[in-house]
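J.: Take a look at this one; I'll ask things after.
The values are calculated or read from the model by the stated rules, or taken from the named source; none is laboratory data. What you are looking at is a predicted structure, and each value in this text was computed from that prediction instead of being measured. No Cβ is skipped: glycine too gets one built from the backbone with ideal geometry, and neighbour counts run over all protein chains shown. Side chains included, ligands, DNA and RNA excluded: accessible areas come from the protein's heavy atoms. Shrake-Rupley method; radii C 1.70, N 1.55, O 1.52, S 1.80 Å.
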Amino acid sequence: MAAPLTLLLLVAVTVRAALFRSSLSELISERVEVVSPLTAWKRVIEGLALLDLGVSPYSGDVFHETPLTIYLFHFLVDYAEVTFMVSVKKNVFRKQKFALEADRYPLDCLELIRSPKEMYYIPLKVAMFYLLNPFTILSCVAKSTCGLNNAIIALFILSTIKGNVLLSAIFLSLATYQSIYPLTLCAPALLYLMQRQYIPVNFRRASFWWFIVQYAFMYLGSLFVIICLSFFLLGSWDYLPSVYGFILSVPDLTPNIGLFWYFFAEMFEHFRLFFLCVFQINVFFYTIPLSIKLKEHPVFLIFMQLAVISIFKSYPTVGDISLYMAFLPVWSHLHRFLRNIFLVSCVLLACSALFPVLWHLWIYAGSANSNFYYAITLLFNVAQILLVSDYFYAFLRREHHLTYGLYLKRKDGSEATLVLK
Amino acid sequence: MAAHRCSFSAVLFALWGLSLLTVARGQEATLEGNDRTAVVDNPESVAGAAEQAAGQPAAEDRRWEATAVEEVSPTEAGGGSDSPAPKPAASPPSVPRPKDDFQEELVIRPLHSGDIYTSFQFRTLWETDFTRENKVSHYRLFPKSLGQVISKFSVRELHISFTQGYWRTMQWGQPYLPSPPGAELWVWFQDSLTDVDGTWKELTNVLSGIFCASLNFIDSTNTVQPSASFKPLGIGNVTDHRFLRYATLPREIVCTENLTPWKKLLPCGSKAGLAVLLKSEKLFHSSFHSQAVHIRPVCKDDQCKTTSWELRQTLNVVFDLHNSGQGKNEWSLFKMFSRTLTEACPVASSSKIYIDITDNSQGEQFELSPATPLLSQAVVLGDRRTFSVYDLTQQITFGTMRSLNLLIRGKSSQGDMLRPLLHAERYVAGYGLQTGEIHTLMYNNHPYRSFPVLLLDSVPWYLRLYIHTLTVTSKGKDNKPSYIHYQPSKDRVRPHLLEMLVQLPPNSVTEVTLQFERALLKWTEYTPDPNHGFYVGSSVISSLVPSIVAMDTNNSRERPLFSSFFPSKEESSYFVRVYTEPLLVNLPTPDFSMPYNVICLTCTVVAVGYGSLYNLLTRSFQIEEPSPGLAKRIANIIRKMRGVPPL
């Protein structure tokens, strides 16, 4: 296990180092698919430059990182090389996290179909899926701070799966602090931790409420500490509107792979607020029905939540996608139930190739217009939605089979087909 | 950090000195030596300045010498040997002057390119205090519309200019009054004002009405508060830039509808005096047209006990030699303006025409008719210039024809123009619609002196500047600005503001580059012709440039020996403001015909996501039972009606 992991690590680092050293890194760090206004390294540098000039980085509209990040970078790194190493380290950490997490997790789906041998390789596969995913490599080479957010979320998942309530709450609050959306991950975390501690999910039970209060206290407490810490570092609350207002109200319409930019560029002004609310609620809304449906399977719930966030968030990048895609090997046992995985993966691949092409045609060649790029973002998002719902379908189907047997028979004894009703 | 503060205060100190000189220069630049008021003004400004801050003896010293030299200068004037140059200035006016005073003048300067530069100046002085008396009801020469604006909006200084065309410094030299293409407005408010932004908004709307211009498009997204570049030109010691607002509209088109209200502010309108020349069909058939209004408080007397308001209306036009239709290098008032002069404005205390004959002392470049015996000298923009003067208040000027039609007949020989010591240009580099780079080039053409310049850049928010990419290089080396004031933009709220103090080495080009990113705007935020591009206002470069007089190192010119050992301290530097070209930048555009389609398509995708999840969340798996065939179902219905059990 250790040897292939080391090998994988070496390969991953080499690929990144090679790309980073090459002339491509400049190009990659400018790509709108890879960096968003929230995560662009260029903007971090700008924030540091503003800090050096004695101007609050939040007085302008270029810098949208949280204060802790900027101070972290302020103290830690002066040179891009160092940062690069940090982000690689981060990836490594994350990979190990996943490895460990995957180690523990598959126990609950070890039913009939999985052999322990398969289980054994899952951590490695997760690591591989994350570290060698071109999306991750791109966002690492672009020095996107998305890697940092991913690392925090990975640490949160790890600590949750290890059953460490305090660490889980702390990392969740850090993730929330970085970008609001991981807030929805508290539902799966609670479900998982309660499952581990054999607390039944029952609204009438005091122990249930007591656990929720405990977790909420730890979560809100650490969030409060972090926010106050930022306040004392900066001496002002400027960062709140500049970071969270920026995420929620979507003032920057720079094209990206998400659904927001063109929609709000073309929006009628008096409907803007309405649709803004609808789109933002849409991200958070799925938490409740999903956690009701998947309350026995919090890890799958985490996967679903991450996918929903990365599809519907306001400034998505390929880094976010790579985070939930790293989970895919965990669900390898679902592959026999997937209906259109071939089509979806082809569409995803084609879109990834077409993004730079259509961008070039629009921005540089001038022979296409914005609709071309927009069409590709639409297709890309439809493919992601299909991918996620396909996995969801397969998961539910498998649950059904686990209960009723794999080869279902009709009343008359002929072979039955399952349908959703 | 302490070092930062130190340098900052040093900079402020330097700027304060600069502003002092600006005050003096502004008052003196266009008035010449034998003018009564000029001599009266100079000691006043010094007195005023000395009051503002004791401990600046240098300024006073310099000013005093300058005045002295001006008194000496007629003896040195080479060409004007036969000019008596009357100087009543020595005796300060003892008779109380009327409360209002109006002066008009026209300066004509034949340019080396063969074009001709004409500059009108109309000055109305009014001794009143808007701030003390709330209601000023009696207006004589001062236009009532502007008087009410000053009192209502607590304006201390107001400078507004409308310019069509770009001043080509390298061909034409420095203008008397620089202005950027489009409209420019900068206002100092009284420090008693509390809601500066609200007042500014109202003021721009009112001025928009007064001048028939689109000044109402000035809002917070194109207004900045420069910390150092624009200092008050009148008296007053408030330099807190919270009371300053500066805005440009580089896109503004200037035309007749702006000229007419401007002319109406003159006491004589366009009925008499120099203003009869202002015919719009000729003025706008030119390569450069700039009209401006400057209002500021100035000292009334030597002690500066009372202040009066000065309204200065200027109009600068460059007539194009080739545009005028005839190849001959021959200009006359009639050719330029399609009018001749017959009288001065009756209410004007002074009405003069000045022709710059510095390069023409022997009549080698052009000849003037009718000739005038009056000559005058003035130090303008660091250079000692000689002018022929036509005094319109004297009947003799008009001769027997009762009309004055000045004729300037150019000769073929064209001398070399002295290169302007400071000039600047700017352009956008890069390709594509994602990023770009602004390059600003500043030329210091002085052979051996370096001098600092203040660069002001106000860039709209939709070009997102990255200050960490700022580089300043001169002669291939990094030239670190000693002072940077940077205010980042806020989307849809305020523009970027960058002010830098850069030292320009002698005989060099300094290049300032700054990268930016082009934003995608909402479809309603684009102008009606989005693919034309968006304008970025000119950079403003303000500087104290070493004087040309001081640069004069050849000893061949006849000068008294006692004056030529030390480098001339007289006018050792003068204030210059240079505007660069405005930029035209393309932004990426969405498809403007698609709002409905985009809303439908995106909502469809969201609905696909919602629908598929809803589907999986609310339904459960069941074994499909084959539904009975149509015939069977119909049969069952019939059987049900008959009361028979179904099949």
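J.: For the range A:288-309, what are the residues that are within 11 Å of chain B (Cβ to nearest Cβ) and either under 17 Å from the mean Cα position of the chain (by Cα) or open to solvent by less than 10 Å² (accessible area, probe 1.4 Å) (or both)? Spell out the reasoning first.
T.: Applying the first criterion (within 11 Å of chain B (Cβ to nearest Cβ)) to the range A:288-309 yields A:288-294, A:304, A:307-308.
Correct list: A:Leu290, A:Leu294, A:Met304, A:Ala307, A:Val308.
J.: Let me ask something else about it. Out of A:Pro116, A:Pro57, A:Pro134, which single residue is more than 24 Å from A:Leu306 (Cα to Cα) and at pLDDT 70 or above?
T.: On the way: A:Pro116 fails: at pLDDT 70 or above; A:Pro134 fails: more than 24 Å from A:Leu306 (Cα to Cα).
Every option except A:Pro57 fails the conditions.
J.: Something else about it: Of all residues being within 13 Å of another protein chain (Cβ to nearest Cβ) and not in a helix (DSSP H, G or I) in the range A:335-351, which is most open to solvent (accessible area, probe 1.4 Å)? Just the residue, please.
T.: In this case the residue turns out to be A:Arg339.
J.: Can you pull out every residue in the range B:232-272 that is farther than 30 Å from B:Gln303 by Cα and part of a helix (DSSP H, G or I)?
T.: Result: B:Thr256, B:Glu257, B:Asn258, B:Leu259, B:Thr260, B:Pro261, B:Trp262, B:Lys263, B:Lys264.
J.: Output the number of the condition that A:Asn91 fails; it satisfies all remaining conditions of (1) crowded, with 19+ Cβ neighbours inside 10 Å; (2) at pLDDT 75 or above.
T.: Here A:Asn91 meets the rest and fails (2).
J.: Right, another one. Can you tell me which residue in the range B:447-476 is surrounded by the most Cβ atoms within 10 Å (Cβ to Cβ), limited to those that are of a type in the set (Ser, Thr, Tyr) and farther than 18 Å from B:Tyr579 by Cβ? Write out each step before concluding.
T.: Going residue by residue through the range B:447-476, those that are of a type in the set (Ser, Thr, Tyr) are B:448, B:450, B:458, B:462, B:466, B:469, B:471, B:473-474.
Remaining after also requiring farther than 18 Å from B:Tyr579 by Cβ: B:448, B:450, B:462, B:466, B:469, B:471, B:473-474.
Numbers: B:Tyr448: 9, B:Ser450: 14, B:Tyr462: 22, B:Tyr466: 19, B:Thr469: 16, B:Thr471: 13, B:Thr473: 14, B:Ser474: 19.
Ranking the qualifying residues of the range B:447-476, first place goes to B:Tyr462.
J.: What about B:Tyr596, is it within 11 Å of another protein chain (Cβ to nearest Cβ), out of contact with any Gly (no Cβ under 9 Å at 6 or more places or on another chain), of a type in the set (Ser, Thr, Tyr) and under 23 Å from B:Thr524 (Cβ atoms)?
T.: Values: within 11 Å of another protein chain (Cβ to nearest Cβ): yes; out of contact with any Gly (no Cβ under 9 Å at 6 or more places or on another chain): yes; of a type in the set (Ser, Thr, Tyr): yes; under 23 Å from B:Thr524 (Cβ atoms): yes.
So B:Tyr596 passes the test.
J.: What number of residues in the range A:232-246 are more than 14 Å from every other protein chain (Cβ to nearest Cβ) and either within 23 Å of A:Phe274 (Cβ to Cβ) or without any contact (Cβ under 8 Å) to a residue 40 or more places away in the chain (or both)?
T.: 5
J.: Quick one: in the range A:212-262, which of the residues that are touching a helix residue (DSSP H, G or I) at 6+ places or on another chain (Cβ under 7 Å) and aromatic (Phe, Trp, Tyr) is most open to solvent (accessible area, probe 1.4 Å)?
T.: A:Trp237
J.: Please specify each residue of the range A:202-226 satisfying the condition of being closer than 12 Å to A:Ser173 by Cβ and touching a Phe, Trp or Tyr at 6+ places or on another chain (Cβ under 7 Å).
T.: Start the filter on the range A:202-226 by keeping residues that are closer than 12 Å to A:Ser173 by Cβ, which leaves A:215-226.
A:Leu223, A:Ile226, listed by residue number.
J.: Sticking with this structure for a sec: Select from the range B:202-231 the residues that are charged (D, E, K, R) and either outside any loop (DSSP other than H, G, I, E, B) or not assigned by the TED database to the domain that holds B:Ser179 (or both) and list them in ascending order. Spell out how you get there, then give the answer.
T.: Looking only at the range B:202-231, we keep the residues that are charged (D, E, K, R), and these are B:202, B:219, B:231.
Result: B:Glu202, single match.
J.: Now for a separate question. Give me the residue from the range B:388-409 that is under 15 Å from B:Pro373 (Cα atoms) and small (Gly, Ala, Ser) and, out of that set, modelled with the lowest pLDDT.
T.: Result: B:Gly399.
J.: Right, another one. Just the residues that are open to solvent by 30 Å² or more (accessible area, probe 1.4 Å) and not in a helix (DSSP H, G or I), please, taken from the range A:5-35.
T.: Correct list: A:Ser22, A:Ser23, A:Arg31.
J.: Filter the range A:352-377 down to the residues that are assigned to a helix (DSSP H, G or I), open to solvent by 20 Å² or more (accessible area, probe 1.4 Å) and facing chain B (nearest Cβ under 10 Å) and list them by number.
T.: Of everything in the range A:352-377, those that are assigned to a helix (DSSP H, G or I), open to solvent by 20 Å² or more (accessible area, probe 1.4 Å) and facing chain B (nearest Cβ under 10 Å) turn out to be A:His360, A:Tyr364, A:Ala365, A:Asn371, A:Phe372, A:Ala375.
J.: Here is a follow-up. Please go through the range A:259-287 and give me each residue that is more than 10 Å from every other protein chain (Cβ to nearest Cβ) and either in contact (Cβ under 8 Å) with a residue 12 or more places away in the chain or not in a helix (DSSP H, G or I) (or both), ordered by number. First the steps, then the outcome.
T.: First, pick out the residues of the range A:259-287 that are more than 10 Å from every other protein chain (Cβ to nearest Cβ): A:270, A:273-274, A:276-277, A:280-281, A:283-284, A:287.
Once the filter is applied, which keeps residues that are more than 10 Å from every other protein chain (Cβ to nearest Cβ) and either in contact (Cβ under 8 Å) with a residue 12 or more places away in the chain or not in a helix (DSSP H, G or I) (or both), the range A:259-287 yields A:Leu276, A:Gln280, A:Val283, A:Phe284, A:Thr287.
J.: Is it the case, given these coordinates, that A:Leu402 is surrounded by fewer than 20 Cβ atoms within 10 Å (Cβ to Cβ), part of a helix (DSSP H, G or I) and more than 7 Å from chain B (Cβ to nearest Cβ)? Can you show your working first?
T.: On the way: surrounded by fewer than 20 Cβ atoms within 10 Å (Cβ to Cβ): yes; part of a helix (DSSP H, G or I): yes; more than 7 Å from chain B (Cβ to nearest Cβ): yes.
When the stated conditions are applied, A:Leu402 passes them.
J.: If a residue must be modelled with pLDDT of 90 or more, of a type in the set (Val, Ile, Thr) and surrounded by fewer than 21 Cβ atoms within 10 Å (Cβ to Cβ), how many such residues does the range B:201-252 contain?
T.: 3
J.: Is it true that some residue in the range B:194-201 is part of a loop (DSSP other than H, G, I, E, B) and either over 24 Å from B:Asn316 (Cα atoms) or outside the structural domain of B:Glu252 (by the TED database) (or both)? First the steps, then the outcome.
T.: Filtering the range B:194-201 for residues part of a loop (DSSP other than H, G, I, E, B) gives B:194-195.
Cutting the leftovers down to either over 24 Å from B:Asn316 (Cα atoms) or outside the structural domain of B:Glu252 (by the TED database) (or both) gives us B:194-195.
Yes - at least one qualifying residue is present in the range B:194-201.
Yes or no, residue by residue, for (1) touching a helix residue (DSSP H, G or I) at 6+ places or on another chain (Cβ under 9 Å); (2) free of Cβ contacts under 8 Å to residues at least 12 places away in the same chain; (3) assigned to a strand (DSSP E or B); (4) closer than 18 Å to B:Thr118 by Cα:
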{"position": "B:Ile355", "(1), (2), (3), (4)": "no, no, yes, yes"}
{"position": "B:Gly363", "(1), (2), (3), (4)": "no, yes, no, no"}
{"position": "B:Ser376", "(1), (2), (3), (4)": "yes, no, yes, yes"}
{"position": "B:Arg384", "(1), (2), (3), (4)": "yes, no, yes, no"}
{"position": "B:Val389", "(1), (2), (3), (4)": "no, no, yes, yes"}
{"position": "B:Thr397", "(1), (2), (3), (4)": "no, no, no, no"}
{"position": "B:Met401", "(1), (2), (3), (4)": "no, yes, no, no"}
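Matching residues to (1) under 25 Å from B:Thr204 (Cα atoms); (2) among the hydrophobic types (A, V, I, L, M, F, W, C):
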| site | (1), (2) |
| --- | --- |
| B:His241 | yes, no |
| B:Lys264 | yes, no |
| B:Glu281 | no, no |
| B:Ser287 | no, no |
| B:Ala292 | yes, yes |
| B:Thr306 | no, no |
